[in-house]
1. Are there any helices (runs of 4 or more DSSP H) wholly within the stretch A:1-72 with 2 or more residues that are closer than 12 Å to residue A:148 by Cα and of a type outside the set (S, T, N, Q), and if so which?
2. In the stretch A:149-170, which residue that is in a loop (DSSP other than H, G, I, E, B) and of a type in the set (A, V, I, L, M, F, W, C) is surrounded by the fewest Cβ atoms within 10 Å (Cβ to Cβ)?
3. Of the residues that sit in the stretch A:75-88 and are surrounded by 19 or more Cβ atoms within 10 Å (Cβ to Cβ) and more than 10 Å from chain B (Cβ to nearest Cβ), which one is nearest to residue B:55 (Cα to Cα)?
4. Tell me whether the stretch B:56-72 contains one or more residues that are modelled with pLDDT under 80 and not in a loop (DSSP other than H, G, I, E, B).
5. Working only within the stretch A:36-51, note down all residues that are surrounded by 21 or more Cβ atoms within 10 Å (Cβ to Cβ) and of a type outside the set (Ser, Thr, Tyr).
6. So which residues in the stretch B:129-182 are out of contact with any strand residue (DSSP E or B) (no Cβ under 6 Å at 6 or more places or on another chain), within 21 Å of residue B:110 (Cβ to Cβ), among the polar types (S, T, N, Q) and outside any loop (DSSP other than H, G, I, E, B)?
7. Among the residues of the stretch A:89-113, which ones are at pLDDT 80 or above, surrounded by fewer than 13 Cβ atoms within 10 Å (Cβ to Cβ) and more than 13 Å from chain B (Cβ to nearest Cβ)?
Amino acid sequence: MLQSILITFISAVFIDNFVVVKFLGICPFLGVSKRVKTAVGMGVAVIFVMGLASAVTWAVQSLVLDRLGLEYLQTLTFILVIAALVQLVEMVLQKTSQALYKALGIYLPLITTNCAVLGVCILNIEANHNFLISVLNGIFSGVGFTLAIVLFAGIRERLETAEVPKCLEGFPISLISASLVSLAFLGFQGLLK
Amino acid sequence: MVDILIAVAIVSGLGLLFGVGLSYAAKVFEVEVDERVVQVREALPGANCGACGFTGCDGYAAAVVEGQVETNGCPVGGNNVAQQIAAIMGVEPGKIKRTAARVLCNGRSSVSNEKYDYQGINSCVAASQLFSGHKACSYGCLGHGDCVAACQFDAITITGGIARVIEDRCRACGMCVLACPKGLIELIDKTKKYSVMCKSADKGAVTKSNCQVGCIGCMRCIKVCEHDAIHMDGTLAKIDYDKCTNCSQCSKVCPTMAIRVMDFGE
């Protein structure tokens, strides 16, 4: 049991990192990675949404969809679940931390359409994970997302003071840095057999 | 048929469940929003053009209520909206000078010379990368319409190879000013009819050889102006709009017709 949890952790955070290996959830990865602080905030929000979404979608899938033979409604209902959860996160954040709420801006509601969240839910079902592993996989995938976005935000903060060729200023150099981070993460491939 | 009904029932049931849950959460996590923000937002035109310096009308409305900015910060809404906002905030409305964008170049293709035949991308920015554009005058309007694309209000047209602003439609949001790679567009008081329609920093003789309607710096307008409103600024005559009285003398003496009556209504 402990072993499978550890394997889930390592594979979700490092080997199959959602952002830099599976290339899901790139929008907030590029959008909210200007400052480490907002990146951490975004990461925590995504961990929360991914964990909860994994739990709720697992329940919806096994208790409702599978029993009634309505598997084809998977995408629709999952998005419904995610949208509701994101709305909840938005309300909680607005109440608890105005500063973070403003810093995340449009990217907070955009978690709804963050394919990494939908991706983790669907992959949980496809891999036939049980409830515990599903939830943990969701949380760990969120941790992987946070790791990637915080690392990248650190790089971008450094980039601001670096001398960048004029034609690469702004997003081009960010994309190049992102590709290098991605290359670095590819080093984890083959860590687990 | 039954299958479909079950599917519909399941999805709407889930939706209802989440809806009820969320409305309960909304009560629990309710945040008090200053109702003046909503009122100010409703008074604004909602173009989200960014002319006020904020990301959109929402940002400006919040800043007004927080007292960071004046109530007359929306050039699109003009005095009318400024008064409404001032009424909501309970302060005196400040006057807005109605400005409109003006493209300060008269060099239509028929009166200006070309350096080369440009066949590239239809964009002023692209054209200006190539030996500062195809016009012989490196300061002139290239007429590919980057400003037209930037204008949300459909107020700019390309006529005779140069951009012209239809002042009745212009809301002075300033997006075209940013879009012009030659820096030819300025926001100028709408009531002032005369402008020096040239930005050439070349010497008079060079300007003259490039374009028939450029300002050659002859200073005749300066001598004739009774209101001390025109002065030299480098190689160009420059009108001080605070002093200009629309008396039209400068326009009459200008040998190249660089100072012209602005009448670009619809």
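The values are calculated or read from the model by the stated rules, or taken from the named source; none is laboratory data. On a predicted model such as this, the values are computed, not experimentally measured, just so you know. Because the Cβ atoms are built from the backbone with ideal geometry, glycine has one as well, and the counts that use them run over all protein chains shown.
1. On the way: elements: A:2-10, A:26-31, A:36-59.
So the answer is A:26-31, A:36-59.
2. Within the stretch A:149-170, the first condition is being in a loop (DSSP other than H, G, I, E, B), and the residues that meet it are A:162-165, A:169-170.
So of that shortlist, the ones also of a type in the set (A, V, I, L, M, F, W, C) come out as A:162, A:164.
On the way: A:162: 8, A:164: 14.
Among residues in the stretch A:149-170 that are in a loop (DSSP other than H, G, I, E, B) and of a type in the set (A, V, I, L, M, F, W, C), the one surrounded by the fewest Cβ atoms within 10 Å (Cβ to Cβ) is A:162.
3. Only one residue fits best here, namely A:86.
4. Checking the stretch B:56-72: not a single residue is modelled with pLDDT under 80 and not in a loop (DSSP other than H, G, I, E, B).
5. Passing the criteria: A:39, A:41, A:42, A:43, A:45, A:46, A:49, A:50, A:51.
6. Listed by number, the list holds a single entry, B:159.
7. none
For (1) crowded, with 20+ Cβ neighbours inside 10 Å; (2) over 26 Å from residue B:163 (Cβ atoms); (3) in contact with a helix residue (DSSP H, G or I) (Cβ under 6 Å, 6 or more places away or on another chain), each residue gets a yes or a no:
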residue: B:200; (1), (2), (3): yes, no, yes
residue: B:205; (1), (2), (3): no, yes, no
residue: B:211; (1), (2), (3): yes, no, no
residue: B:220; (1), (2), (3): no, yes, yes
residue: B:227; (1), (2), (3): no, yes, no
residue: B:230; (1), (2), (3): yes, no, yes
residue: B:241; (1), (2), (3): no, no, no
